[in-house]
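Working notes, beginning with the structure itself.
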């Protein structure tokens, strides 16, 4: 695996380098929307898809699937096509997409516009979590500016290509971060996952081919198209190209968003950027992907592991959306799993039995365990319930709900012997 290369500038959080890039005039002075014009007037959709595929960009919403490959699955025998932007940032510990949309919005918008051209979509829907209503109003204002500047609308730049963008607010349901539940919600029906296959690139919004991508993923696209695939691959590792915004929280001195090349280590993120652990306590565990991740034992091996899609699984966890929650020696794992299971039990849509019933029973068990109203048999039963849910749920929510439970019992048994 190639070593990560430290970059002197940022790709996504450019507002930290370029003051007031959130203003249209400042962004266009930096060459903003020149790439979109070049794409529409001089490139073919297949060329855009290939360039993004060659860049190695992988989905930043959690799955890490190659973006260009996902675009190539779109069914060209069924029209129209849609691009849906997943801005339903609901994972506890994740707060990167909001900063991108609030502080560097024009790069995000140019990225989604180029992406829509690549898949042959004439309409983009930005699905925002319900709590982002102020952000939705601001995006609507910015979309209006793009129409005024004739960067959106009919027959752009004298071509045959037309494009419009619409925002849509959800109702604050975590399950609608799952792409098929999101599509159901967007259509106005109950936000519950669909059975797959068929997958959205074949049958998605309104039963038409649809690409669903995360905000952070698409915010990379304009600069990739401007500077090229080799430029993007100069950051990160061989299998995990580019930079990543790591949302750092928990028991650290300086929580926040940090954009680093993929392949930087947990030690670098926590101690160099995060300022170390509060009150110099001993670090105990790392949740690598928010509430939905397994808990990693924070030993030297883990701290020196590169944060990349191919490296983190060796620790028995996933990089996911890179919402890194730090646990120190004061954190009791019984308390932790009680908190996570209350969340997942509340957010389960109830469509499939393993998730609906499994989270119900896990909530009762974790409550008893945390409050000292149980014995070791309840810990064994909790572990059994969680493992019997794995691989049997309709979507990833049920699977994710078991991650912290199973890993905490296996890796921190001393917390459950009390």
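So here's what we get for this one:
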{"read-out": "Residue list for the stretch 187-208, restricted to those being assigned to a loop (DSSP other than H, G, I, E, B) and out of contact with any helix residue (DSSP H, G or I) (no Cβ under 8 Å at 6 or more places or on another chain)", "value": "188, 189, 195, 197, 198, 199, 202, 203, 208"}
{"read-out": "Residue match in the stretch 101-114 (condition: at positive phi, crowded, with 19+ Cβ neighbours inside 10 Å, touching a helix residue (DSSP H, G or I) at 6+ places or on another chain (Cβ under 8 Å) and in contact (Cβ under 8 Å) with a residue 12 or more places away in the chain)", "value": "no"}
{"read-out": "Number of the exception - residue 313 against (1) in a helix (DSSP H, G or I); (2) under 21 Å from the mean Cα position of the chain (by Cα); (3) under 17 Å from residue 409 (Cα atoms)", "value": "(3)"}
{"read-out": "Residue within the stretch 288-309 that is in a loop (DSSP other than H, G, I, E, B), free of Cβ contacts under 8 Å to residues at least 60 places away in the same chain, outside the structural domain of residue 408 (by TED's automatic domain parsing) and closer than 26 Å to residue 396 by Cβ present", "value": "yes"}
{"read-out": "Residue match in the stretch 338-350 (condition: more than 30 Å from residue 307 (Cβ to Cβ) and either outside the structural domain of residue 301 (by TED's automatic domain parsing) or in a strand (DSSP E or B) (or both))", "value": "yes"}
{"read-out": "Members of the stretch 209-240 that are out of contact with any helix residue (DSSP H, G or I) (no Cβ under 9 Å at 6 or more places or on another chain) and surrounded by 17 or more Cβ atoms within 10 Å (Cβ to Cβ)", "value": "235, 236, 237, 240"}
{"read-out": "Test: residue 227 is more than 21 Å from the chain's Cα centre (by Cα) and in the same structural domain as residue 308 (by TED's automatic domain parsing)", "value": "no"}
{"read-out": "Unique residue being in contact with a helix residue (DSSP H, G or I) (Cβ under 7 Å, 6 or more places away or on another chain), outside the structural domain of residue 262 (by TED's automatic domain parsing) and not in a loop (DSSP other than H, G, I, E, B) when the list is 379, 324", "value": "379"}
{"read-out": "Condition check for residue 163: buried (at least 24 other Cβ atoms within 10 Å of the Cβ) and touching a strand residue (DSSP E or B) at 6+ places or on another chain (Cβ under 8 Å)", "value": "no"}
{"read-out": "Scope the stretch 142-157; condition part of a helix (DSSP H, G or I), closer than 23 Å to residue 82 by Cβ and without any contact (Cβ under 8 Å) to a residue 40 or more places away in the chain; matching residues", "value": "143, 144, 146, 147"}
{"read-out": "Entirely in the stretch 1-90, the helices (runs of 4 or more DSSP H) that have 3 or more residues that are loosely packed, with under 14 Cβ neighbours inside 10 Å", "value": "34-42"}
{"read-out": "Subset of the stretch 269-283 [surrounded by 23 or more Cβ atoms within 10 Å (Cβ to Cβ) and assigned to a strand (DSSP E or B)]", "value": "283"}
{"read-out": "Conditions (1) in a loop (DSSP other than H, G, I, E, B); (2) free of Cβ contacts under 8 Å to residues at least 12 places away in the same chain; (3) within 24 Å of residue 24 (Cα to Cα): number failed by residue 160", "value": "(3)"}
{"read-out": "Filtered residues of the stretch 361-407 (kept if farther than 18 Å from residue 336 by Cα and either touching a residue at least 24 places away in the same chain (Cβ under 8 Å) or in contact with a strand residue (DSSP E or B) (Cβ under 9 Å, 6 or more places away or on another chain) (or both))", "value": "388, 389, 392, 393, 394, 395, 396"}
{"read-out": "Residue 172 being outside any strand (DSSP E or B), surrounded by fewer than 22 Cβ atoms within 10 Å (Cβ to Cβ) and touching a residue at least 24 places away in the same chain (Cβ under 8 Å)", "value": "yes"}
{"read-out": "Residue tally, condition over 23 Å from residue 55 (Cα atoms) and assigned to a loop (DSSP other than H, G, I, E, B), over the stretch 91-121", "value": "5"}
{"read-out": "Residues of the stretch 191-202 that turn out to be over 18 Å from the mean Cα position of the chain (by Cα) and touching a residue at least 40 places away in the same chain (Cβ under 8 Å), as a count", "value": "6"}
{"read-out": "Conditions (1) surrounded by fewer than 20 Cβ atoms within 10 Å (Cβ to Cβ); (2) farther than 30 Å from residue 352 by Cβ; (3) at pLDDT 95 or above: number failed by residue 199", "value": "(2)"}
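Quick grid of which residues meet (1) at pLDDT below 95; (2) closer than 30 Å to residue 374 by Cα; (3) surrounded by fewer than 24 Cβ atoms within 10 Å (Cβ to Cβ); (4) within 22 Å of the chain's Cα centre (by Cα):
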residue: 300; (1), (2), (3), (4): no, no, yes, no
residue: 304; (1), (2), (3), (4): no, no, yes, no
residue: 307; (1), (2), (3), (4): no, no, no, yes
residue: 323; (1), (2), (3), (4): no, no, no, yes
residue: 328; (1), (2), (3), (4): no, yes, yes, no
residue: 333; (1), (2), (3), (4): no, yes, no, no
residue: 341; (1), (2), (3), (4): no, yes, no, yes
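The values are calculated or read from the model by the stated rules, or taken from the named source; none is laboratory data. Being a predicted model, the structure only gives us computed values, none of them experimental. Don't worry about glycine lacking a Cβ; one is built from the backbone with ideal geometry, like all the others, and counts go over all protein chains shown.
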